Structures are given as C-alpha cells and as structure tokens.
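The structure appears below as structure tokens.
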Amino acid sequence: MLGLLVRGAVRVGYYEDPPLVFSGRDGPQGLYVDLLSAVATAEGWELEYVPCQWPECLLALERGDIDLLPAIAYTEERATRYDFTSETVVANWGQLYVRPGAAVESPLDLEGLRLAGVSEDVYFTSFLSLLEKLGVEVKQVPAVDYQDVLAKVEAGEADAGIVARLFGRLHARNYRLVDSPVLCCPVELRMAAPRGLRPELLATLDAYLSRWKADPGSIYFRALDRWLGALTPQSGLPRWLWTFLAALVGGVTLMTLFVVLLRIQVRRRTRELAAERELIDTILNTQATLVVLLDTGGRIVMWNKACERLTGYHLSEVAGKPFWELVPPEEKDWAREAFADLEGGKLPGHFRTHWRSKGGEDKLIEWDNSVIRGPGGRAEYLVVTGVDITELVTIEGALGESEARLRAVLEQVGIGIFFTDERGRVVLWNQTLAELTGIPEEEAVGEMVWDMQYRLLPEAERTPERYRELKRELLEALATGRPPSSQSRDWEYTKQDGRRLQLRGTTFVIPTPHGRALGTVIRDVTEENEARRRLAESEARYRA
C-alpha cells in the first residue's frame, strides 16, 4: 500500500471497447478493470463504475462528473483538457475494416466512399485529418461506438470503418468484415482524470504500473496475457508493442513521413506487402504455441517467438535447416522418415518428438500439422504446431507419489487435466480446466466421467444415444484397459459467458494397484486453428 489518501468512492467512466474495458455479465471487465481492481484492493479504494458513450465519457471527465477514464489515447491536445498517467498501459492504432472483396488498398482508394467512425474518437479524427492532407474526400458516417461502426459497414451503410485494432481483431469477423492494408495513428493508451482534481489517483496508478512493468510475473503481464494473448515476459514487454512504441517516439515526424509514404505508395505492391505482413503477423502472434513453417523438404522457413524461447535458437540460426536437426540422435531417423514424402502429400499427422535446446535440454513436444497448398493442390508448405508436454509426462510418472505433491504439480501446468478413480468417478479437476470450461472443481469432483465428458460436448451432440455410447466406451476402457474409440478429438465448446472455444482432448487409461483409472487432458486450440486458417488465407491472397 502506497498510503496516498484517496477520499470517497472513485467514479470510473467506462465505454464498450473490448478487450480493454466493456460490460460483462457480472459488471465491467477487461484489461483496465483487472488492473484497477488490483490497485483498489491493495489501496482500499471503492470503485464505482459509470457507463457512458464515448463523447459523453469525455464530457463527464472534463466536467469532473467522473474521477477516472481508462483506455483513453494520450494526445497533446487532450493533455490541455485532462490529466494523464505518465505510464502507458498498452499501445494501439487505428485499423480500417471493409467487406470482403472491397477494392480498398490505400487511403487514396477511399475517394468518394462512405467512412464510418465514432465521433471524438482519436483514430477517426486523426484519419480524417490525414485524408484531408492527402486531398481525399469521403462522406462521414457517424457511429455511436465501435460495434456500430462495424455494423454499418456490414449492413452496407458505409463502405469502410475505422476502429481500434485491438477491438477489430476481436470482433470484425463477427460482422463478416476483413482488415484492409490501411492503418494509422499509433497512440499510447493511458488513464486520465479531470484536470487538477485527482493527482493522488494518477500518482498511485503510475507507481503501481511502473512496479508491475518491472516484474514479468505481475498482474500487469497476467492481465495482458489474459485479454490480449501476446505476452513476452523475457523482454518485459508484449512483442507487438515494440514496433509501435518505437514508432511513437517519432511523434510528428512519424505522421509527416506517413503522409509522404502514402503519397508515393505503389498500389500493385500493397497487396503483396499486406499478405506478407499478415503471414508474418499470424505466425509471430501465436505466443502460447510452438509454430514452425516448413518447406516440402522439411526445412525450417520460419518459426515464432515461442520456438526461440524453448530452444534458445534465433530463427537466423535454424532457417534452412531440416526440422529433425533439433531432434536427439536416437529419434532422428524416425523424424527424417516422417517428413520424407511431403511433396507427395504424405503428412506425419499427430506425433511426438523431443526437441533439444541450445543448452542441451530435451523437451517432449506433441505436434500437429496442416498443409498449405499452391496451384493445382500441390503441397508447398507445412505448418507444424506443437505444445511442450514435458511437465505432463513428468506428472504421469509421478502418479505413485503423494496426492498433495501431485496436485501441486498439476495446478502449475497450463493444460486442463482431470483424473478418475477405478469406478470412473472424477477425483481431480485442475484449476486450468476449471478456467477453460467454466466448471469449478467442486462441481466436477465426485461426478462420473461420462457425465462430465457429456457436459463438455457441443449442444447439438447431447442426445440420449450419444450419452449411452459415451458411457459404454468409458466403462469398456475401465474394464479392458483399451483406450476409448473416441480417445482423441477436437470440438467446439461454448462457455457460460457465451465465448466459443475450440478444444482438443485426449483420454487415456492409467493402470493402478486396484484396477484402472482414466485421465483426460484438454487444451484450447482456438489460436492454433485460427493461425492455420489465416496462414492459408494469406498464402491464397498472396498468390492471387
């Protein structure tokens, strides 16, 4: 606790800008809400959230009707009206979204078109200023919030709409829109208070943010990972911040250069650059999963930061080398054979290998893959995605140890896991699985395994016939020791809050002194599948 006196309830204005701040089933939530809650708990603050539309939020802040406004872009003009934190929470920028097939590849293509945006929004106002400098005239279509912007483009009331990129990446596909190559206006998102009225609030927030940023295990990084999914604790900053934090240093110079570059933009190169940008961005932004792009000779073309962290090798050290060069000698022959006929379309499927790091440490990886095909359906690249299961295998070997030690290990693994006893009754349901499914441990423990697996099925599959089949398979596995026929499967799961996840689960038999038990591991492959889809689309657009 810092001890700075904050009197009365802190009135926090908020608007709909997920994943930064938005209305949830149980009240406001998002990245900023997590951070404010942590400070409020430590300092004994009482937070009172006040919903508002964006222009009204700014007016309420200026009048002093609210004490704090999160997720507000810092500009020199705004700094004359409000007080800001010195610390930035995240960087963001504006992204232009259009309907599929729209011929908008640069700001110049917007001439005479209808552009939707939110009044007083920094991206909308800055982009309009940019268009004016370029001599591009558009018809403005005002919207009440970012959702309204995307809805107007989807409905054909506008030809394009500009919103914050973090919002767009989360919601654009729900409106069947795609991002164009046009982006603008990188900004720092901070928190603001009425000018001269609440310096103690901002000083306290700055102190906590500064401390959290120096600690990769802090609530700041955990919240970034939860809401943005792009955490890079080695460097102390999310990977996607580096480019735009550097760009922000340029200030006015950046915008001047941006205008000049746009004027001389060669349109036939824009499509190629956009496809390449999307391809690279997709790979590098899949932080939680190992992602490797191979050519048909099994050679490494590209891999992401997760691979660099696990192996200790930079991409430049392994590019062009065969995938199996990182495999221990005793597994090399098998790995080489598995990738021997990629050109013929023979894929290795699901498989496990060890990867040996630069320091000589072996990690057991479970791999999956998909192919990128060129003209005529010919395989051109293989996207291999993997998860480090070294700790999971260690857990399986530790089953004979005490339950307390086992539980402590299981709760540290970022994979959903549950175990049954010899009768098929759930005896362990770890915290990761509780968070993944929304089903707490106290609801699951003591239930029969077929009841819980049935509960996790998509709603369309929950039929009496499917329940009987599932129960029969699992009882047979307990009786015979043979894995169930549906041992491994992918499915879509809808959480209680409405979020849809793509899950991958594997059920296995565990011999025990008194018979057999069952174990199931479940992990979220939503990002993996999205990465594969976007890679394939990027390649298709690039070739188009």
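Values quoted throughout were computed directly from the atomic coordinates according to the rules given, and no laboratory measurement underlies them. Keep in mind that what you see is a predicted model, and the values were worked out from it rather than measured. FYI the Cβ positions are ideal-geometry reconstructions off the backbone, even for glycines, and counts take in every protein chain you see.
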Of the listed pairs Lys321/Lys358; Lys213/Lys495; Lys213/Lys305; Lys305/Lys363; Lys305/Lys495; Lys213/Lys363, those with alpha carbons more than 24 Å apart are Lys213/Lys495; Lys305/Lys495; Lys213/Lys363
Straight-line reach check, Lys152, cutoff 19 Å on alpha carbons, 8 or more apart in-chain or any other chain, hits among lysines -> Lys139
The aspartates and glutamates whose Cα lies under 14 Å from the Cα of Lys332, excluding any fewer than 8 residues away in the same chain, are Asp362
Kirkwood-based Rg/Rh on the Cα set of the stretch 415-466 evaluates to 0.98
Checked against the positive end of the charge dipole of the stretch 443-488 (+1 on Cβ of Lys and Arg, -1 on Cβ of Asp and Glu, about the Cα centre), the farthest of Leu470, Val445, Thr480 is Thr480
